[in-house]
Structure formats: C-alpha cells, structure tokens
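Enquirer: Dropping a structure here in structure tokens format, bear with me for questions.
None of the figures in this text is laboratory data; all of them are computed from the coordinates on show. Keep in mind it's a predicted model, so treat the numbers as computed, not measured. Here the Cβ positions follow ideal geometry from the backbone for every residue, glycine too, while neighbour counts run over all protein chains shown.
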Amino acid sequence: MRRQFLKSAVAAAALVAALGMGAPATAQDAAAFYKDSVIKWIVPYDPGGGYDEYSRMIIPYFEKYTGARVDIVNMPGSGGMKGAVEIFNSPTDGLTVGIINGSAMVTNELAEIEGANYKVADYNFLGRMVADQRVMVASVQSGIKNFEDLRDNGKTEIIGATGLGGSTYVDAVIVGEVLEIDEKVVHGFDRSGDIRTAMLRGDVQTMWGSLGSALKGIQDGEHVVILHGEKSPTGILEGIPSIYDIANAMENGAERVKILESWEALSAVGRPVAAPPGVPEDRLAFLRNAFEQAMNDPEFVKGAVETERDLSFASGEQMNAIAKAATDLTPEVKEMFVKAIRGEI
Amino acid sequence: MTIIEGMISGFFQSISLAVFPYLFVGSIFGLIIGVIPGLSGHFAMAMAVTFLYSMEPAAGIAFILGAHATVAQGGGLTAILFSTPGTGQNAATLLDGPAMRDKGEAGIAVGAAMASCFLGATFGAVVLALLIPVMQHVVLFFGPPEVFVLAFLALTFVAVLGKEDMTRSLIAALLGLLMAMIGVDNVTNTHRFTFGSENLADGLQLVPVVLGLFAVAEMIDLWQRGGSLAKGVPQALSAKDTQAQIFKGIGLAFKNWWLVIRCSAIGTTMGLIPGLGSAPAAFVAYGHAKQSSPDKDTFGHGNVKGIIGPESANDAVEGGALASTIAFGIPGSSSMAILLSGLFVLGLETGPQMLTRNVDIVFVMIFTIIIGNLIGTIVGMFLVNPLSRATSIRASVMVPVLMAIIATGAFAGERAIFDIGVAIVFGILGYLMKVLNYSRAALLIGFVLGFAVEKNLYLALLLDGPFFIAQPIPLGLTLVTVAFLGWNVWTIYRDRKRVIPRDPRN
C-alpha cells in the first residue's frame, strides 16, 4: 500500500517536472498533448437546439484533426450565459472549449445583465461557425410588400419579439430608432416560431430574425423580406434595399449608418467556438488550426449543405477582432444599445 | 402524391425491414425511459436525436417517435406500481392507480392503463390523419387571449377534480402558479424570488419538482410507515393471477369505449393547443371521467375509470401536438420541439411542403404512433410481473434503491446537484401536503401552467388591451369556467345543507 503510494508520488513528481521543464512548446508538443486526450465541449443550450446540432455536426471532424475525443456537455441556463461563464472560468489547460451565442453574450455584457460574468473580448476564439444574416419580414396578410409600404401606410406597425435583450428585440428597437420606423415592439414570445403563429393570426405584422430561420416562411409564401442588414446582398436578398440604403437616403445619413454598422458588428459575432482566456499559445494555435481544417473538410461542408445549415467561417484571429469591435463602442452608441437592450427605448 | 397514395406508402414503409427494427428498438427504449422516474419523454427524444444523423428519414422518424410514443405507457406502469409518476404526464394516474394496487388489483389497473394508452394513441393518430387538411385554421383560433383563458379553465378543472377539498386545491393551484414565477422573468428580465441565487435564475425545473412532490414524498411516507409499497397485499400476485387481471383490465378499457373516446378527444384537442401538453390533458380527462360517472365517490379510492380517462388522454395528446407541429413547424411542447429538430436533422421540412411532397412521412408518423403503442402494450404486459414483485420488497431495501434512482433522475436533466436539493425540498413539501390533505396535483398543474398563463396574459394585454376577454372565444371559455366553478361551489353548498341538519341527530 505504502509502496504503491510512494510509486505514484514519484510518478506525479516526474510528471510535474516533465511539464515544468518542457523545452519551448512546439506544435508537435501540442499534437502529442491532444492525442487520445478528452476535450470537453460545452453547449450552453438543451440537446436538440441549433447550437447543439451545429456542435454535433462539427465534432467528428474536430476529433479527426485534433486526435482527441470530444465530449459534449449540455449546460443550458440563463439564456446561454451559464455555459458561457462555465467556459470562461474553466481550466486553462486547453481541454475545455464550447460554442457560445456570441451576439447575445455581447448584448448581455454591454447591458451588464446579472449573470454576465465574462468578457467576450477576452475569450480565446478558435473560430466562428456561422453568423446570422439579419432580415425583417412582414406577413403576407399585413399587405406590406416593401419598406415604402411599411413607412408610408400611416399605421403603427406591431413587431413581434422574444425576450428583452434577445436579438429579435434588439434588432427591432435599434433599427426602428435609427430609421424612424413607426413601430410598437411586442416582446414576450417564447421562440421565433411563436411569433410566426402570431403573424399568421394577424396579431403582429413584422418580425426580425435570421435569414436561415426566416427562409422557410419566405418559401412557403407566408412572409416577404422588407429589410436586411447585408451591404452586398446575394441570392434571395438581391434587389431588396438594405438598412444602409434607407439610412443613406435620410437626413444625417452618415451618422445613422455608423450606428447601424455597430449593430452589424453585433450580429457578426455570431456563433463562435471559444476557449477560456489563458490557454497556452501552442495549444491554442493547434486547436485553431484543427478547427479551421474541420470547418473546411469537404465531407463536413457537404453534410451542412445537405441539411441546409448555413456556415460562415471566421478564423480565431478574425473572431478576436470581431469581438473587440462589437464591445468597443463609442459612448453615445453604447448608451443607445444599452437602453435598447434594457427595454428603455 | 395524393393522400391515399401517401397512406399506403407510409404503411408499407412502417412495416418494412428498413424501418420496423428502428421502430421496435425505439419503442422499447421509450418504455424503459418511461418506467424510470424522472426520465421523461424529452430525455428519450433528446437521446434519440443524437442517433439520427446517419439515418434515412422514415427510419429516423420511426425511431424517435416510437421512443416518444411509449414513454407515457412506461410512466403509467410506474405510477400504478410505485405511486411515482414515471413522467409528468402520468401524474393524474396517481389518483386511482396506487389505490387499485393497494386493493390487490394492480394487474387490472395496468391492463386498463396499457389498453387505454393504445386506444388513446390510435384515436389521436386517426384524428391527426383526418385533421391535416383543416389544421391550419383550427390552431389559428387560439392566440394569447384564448390560451390564457383556457389555462384558467384547466386550473378550475384541477381544483375541482382532486380528492382533496376544493379550497385547499385552489390554494395549492395558486401556490403552483406562484412557484412558476421563480426565476428571471421572460418579459422584463427581472429576477423574481431568486434570493440572489444563480441556480434559481432559470426557475425551478419541472423534473425535480415532480420527483420531489410525488416520488420523494412517497419515499418519506414509506420510510415512516415501513412495510412495502403494496399496502394491502402481503404477497405479490402470482404470475398467472396478474396475467388474468391484465386481460380483465384490457377488457375493461374496451368495455368503457365511450369514455375512452371522450377522454381521447379531450387529449387530442388539448394537444392541438400549443403549450398545454399532456399533463393538464390527463387531469382534465380525469375530471371529466369523474364528473360523468355515476360512482363519483369511489374516484381516488381505486376506480378503474380514473385510470382509463387520463391514460387514454395523455397518449391521445400526441396526435394533436403532432398536428400543429407538422402543419406550422410550431411545436406545442418541448418534446415536439425536439422532434422538430430531429426532422431538420433528417432533412425534412414541416409546413405545407411536408403535407404535399412528404405526405407519406406524415403517415409513417401516424403508423409509428399506433404500432409503437401496440409494441409498448405487449412488452409492458410482460414487464408488469417483475415490476409488481418489486413492490412487495421491504421499505428498508426499496427506499434507498429508489432514492438513488430518483436522485439520478433529478440530476440527469440539467446535470445540476442543485436539482437534487430541489427534489428533496419538494419531497418534504409534498409529504406535508399529503399529510395535511392539500392537493399535490393541483400544485403541480398550477406550476406547469404558470408559464403559459403569464406569457399569454402579458401578450394579450399588449396586443388587445385590457378588454381582450370580451372577444368571442375567450368570453365563451370564461363563461364555461365561471359556470363550472359556480356549479361546483353550489353543489358543495347544497351538500353541506343536506348533511348539516343530519349531524345533530347522530
């Protein structure tokens, strides 16, 4: 018994020594470190949701390029903040990563919502899986076919939204404020599907959302896109005016565009995969490289196309810049955003 | 593809070698998950979704929906044999199931429950098939004002149906509503009743609350009493007797076919309404079975109709819930939300496209529900004996084992130690309520409906102003609620007048 204890103590000491004295870390060391180790991948929402599905889609390929086993841990709570905080505070050994709802985490951080105990700009991002293209749709029943209808029909439009601080809400309030839309934002719906029913019933006329989730309603002929946030629209958005076109045509266009660009920076954060601050550089570089390879694996891309899952990769370095841009706002814009997020506009 | 072609194609796909094995495995999986207290339909489906990535659409649907279809059946077994709802939707079965077990009629209760589940599910599936063309219009009648008022109708049913007295049930129901308010308010982001605890920020989770109120409370009670779960039965029934009882129970379900159809109709209708789900449907069906029965007094003391009602309703719900999920891609419950994500994984789209292009898949769903429940019924019959024997085990052995399972179940949903604490706190509360004759079911149902009530009240006020209640459907439902409550208050008043004069003479 005692001997065994001594043995393991010696082994542990040797291990500590080996780790401590290690020669300058190299990519090979990192590869050896990850080979056959276990990476914890935190999903801050329930199984079956979008974040969960994206994670389960990429993980086989992430395993392929890291050589590690990746275990998903679903950690729902506080609108995704619980999982984000867990990632932020996890050990810095590079064995914990996770996907986060980047845009919502930024808005919660800006508004200093209780439980937002993280700094988005301080995460070590491995890269981004997807960022939403934001669009505003109107129901066919409302008779609104384009932005002119919305602006000139003399009615106060009712816009459906989910919770306070959610992207459907923040989009509606900020864009509405900047473009001086005559609107009333009704929030409190559970999901965007809930708002869709309300649009069918005629309770609300319009909503903001991601193009990905709006696509079905558009194809089914229930919704029409009347606004979007793309500077160079492609596909289905081609020919529809963007918020920038509208803002430019208004008085003080440049100022309005500046606010809208900050808003765009918010959505650009999208759904990144993050590691906590303080992960050793060689391991971070290795993980970033593996993530990039996984995202570009032809079979993975093919699977995403088949299941109609959008992808928009951004590298870890790009993500750090995007996150910084989203949190680094001028005082006036920040004040406006915080008001919007807290429901004070 | 016409509907008839779709139906034929759907049927042959369901029984083909490429699909049926998945359906079979899924059904057994769901049954086992249902039997384990605390692991719910969501759990079964969430687990199943992870297997879907490499499956063909029909096989995937059969697997995930098969697992979902039999959960309520497994849960009914546990409710009857262990006084513990295997899942939330079986809570109504607790009112009469354990009482029948105590009378030595566990086999009859199980047989009736199994057969009712199957009949209810079949009813729901048939209605789903019939309703598909008109679905869209029906669901659209129910907006925030309608759902808000309907929730109160359900609460009124709950308060009246219990074996406990109405006042205490109302207190419990309102306490349940209050408990649903715990956590961050979805509308204003205000922390309510969280006492600064992050653990409470998301509110109380349903699974540990259910486990606490019913399972833990039962364990405390059992530990107090000693002995075994089956009070009146010193020894387990022989296998032969149990089988005989099961067939008698199945016969009783068929004999009460009219009740089955009415309760299934309640279940399917409530399934159509997003957010209500199967637990309230089971309670409303129980209330209906009791109200419409000549022998009201025996309800709560082991009346088989008290099992047939809720068990046929809680499986009939699926047909309705599925209808709105398929028609709009708008899930009516969390299980349906998971199913929907499963459909996405399989590359299927809901909405008009599914009804025209993939109508065979819709019929695969319909046949899966029917066949899955049939498998559940047959396999469940063989599970009864080993399980009912387990009810004769001594409390000193049983309680620790079940507590371990309960603790695991409470932990499993969110992987939170905190939830085990929630289960224990609610266990103590549940035990006190049981001793003091407060309705635990009313508390649970208030808790479940709390979210729907608050959200829809808020939206109704924002959208239609304070007079939303004056619209036709809300007004009609309000009148029904008031009339129902008024009539029951009046009967209590009348009975009291009748009873009181007699008392002095005794």
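Enquirer: Hey, what do the phi angles of region B:485-491 turn into as Karplus ³J(HN,Hα) couplings, whole Hz, using 6.51/-1.76/1.60 and θ = phi - 60°, x for Gly and Pro?
Expert: My calculation for region B:485-491 gives 5, x, 4, 5, 4, 5, 5 Hz in order.
Enquirer: Normalised by the residues of region A:212-296, what does the relative contact order come to in percent, with Cα pairs under 8 Å and at least six apart?
Expert: 14
Enquirer: I need the trypsin sites (Lys or Arg not before Pro) found in region A:156-252, filtered to DSSP loop residues with at most 16 other beta carbons within 10 Å of theirs.
Expert: Taking region A:156-252 and a limit of 16 other Cβ atoms within 10 Å, the loop trypsin sites (Lys or Arg not before Pro) found are A:Arg191, A:Lys231.
Enquirer: Taking the alpha-carbon centroid of each part, what is the distance from region A:139-214 to region A:285-335 in angstrom?
Expert: 28
Enquirer: For A:Val130, enumerate residues with amide H under 5 Å from its amide H, sequence gap 5+ or separate chain, H modeled in the peptide plane.
Expert: Amide H neighbours of A:Val130: A:Arg271, A:Ser312.
Enquirer: Here's something else I'd like to know. From other protein chains only, count the Cβ atoms within 10 Å of every residue's Cβ in B:459-466, then give the mean.
Expert: So the per-residue partner count for this stretch is 4.
Enquirer: Pick out, in residue order, every one of the GluC sites (Glu not before Pro) in region A:194-268 that is DSSP loop and has at most 11 other C-beta atoms within 10 Å; say none if there are none.
Expert: A:Glu238, A:Glu251
Enquirer: 5 Å is the cut-off here: which amide hydrogens, built 1.01 Å from N in the peptide plane, fall below it relative to B:Val184, excluding neighbours closer than 5 in sequence?
Expert: Long-range HN contacts for B:Val184: B:Arg192, B:Asp202, B:Gly203.
Enquirer: Of A:Leu287, A:Ala321, A:Val305, whose Cα points farthest to the positive end of the dipole of region A:286-345 (charges on the beta-carbon: +1 Lys, Arg; -1 Asp, Glu; origin at the Cα centre)?
Expert: It is A:Ala321, whose Cα lies furthest towards the positive end.
Enquirer: Once phi is turned into ³J(HN,Hα) by the Karplus curve 6.51 cos²θ - 1.76 cosθ + 1.60 with θ = phi - 60°, what whole-Hz value does each residue of region B:448-465 show in order, with x for glycine and proline?
Expert: Computed from phi, the couplings for region B:448-465 are 5, 7, x, 4, 5, 4, 5, 4, 6, 5, 4, 5, 4, 5, 5, 7, 10, x Hz.
Enquirer: Within the protein assembly as shown, what percent of beta bridges assigned by DSSP are antiparallel, to the nearest 5?
Expert: Percent antiparallel among DSSP bridges in the protein assembly as shown is about 55.
Enquirer: Under a Cβ-only charge scheme (Lys and Arg +1, Asp and Glu -1), can you give me the dipole magnitude of the protein assembly as shown about the Cα centre, in debye to the nearest 20?
Expert: 3880
Enquirer: Lysines within cross-link reach of A:Lys119: Cα-Cα under 21 Å, excluding same-chain residues under 8 positions apart?
Expert: List returned: A:Lys40, A:Lys82, A:Lys324, A:Lys334, A:Lys339.
Enquirer: From other protein chains only, count the Cβ atoms within 10 Å of every residue's Cβ in A:189-198, then give the mean.
Expert: Neighbouring Cβ atoms belonging to other protein chains average 5 per residue here.
Enquirer: Amide H of A:Glu183: which non-local residues (sequence gap of 5 or more, or other chain) have their own amide H closer than 5 Å, using H built in the peptide plane?
Expert: Residues meeting the criterion, in which the H sits 1.01 Å from N, are A:Glu157.
Enquirer: Using θ = phi - 60° and the Karplus form 6.51 cos²θ - 1.76 cosθ + 1.60, what ³J(HN,Hα) does each residue of region A:104-119 get, whole Hz, x for Gly and Pro?
Expert: 5, 5, 5, 4, 5, 5, 4, 7, 6, 6, 4, x, 7, 8, 7, 10
Enquirer: Name the GluC sites (Glu not before Pro) in region A:279-345 that are in a loop by DSSP and that have at most 12 other C-beta atoms within 10 Å, would you?
Expert: Passing sites in region A:279-345 are A:Glu308, A:Glu344.
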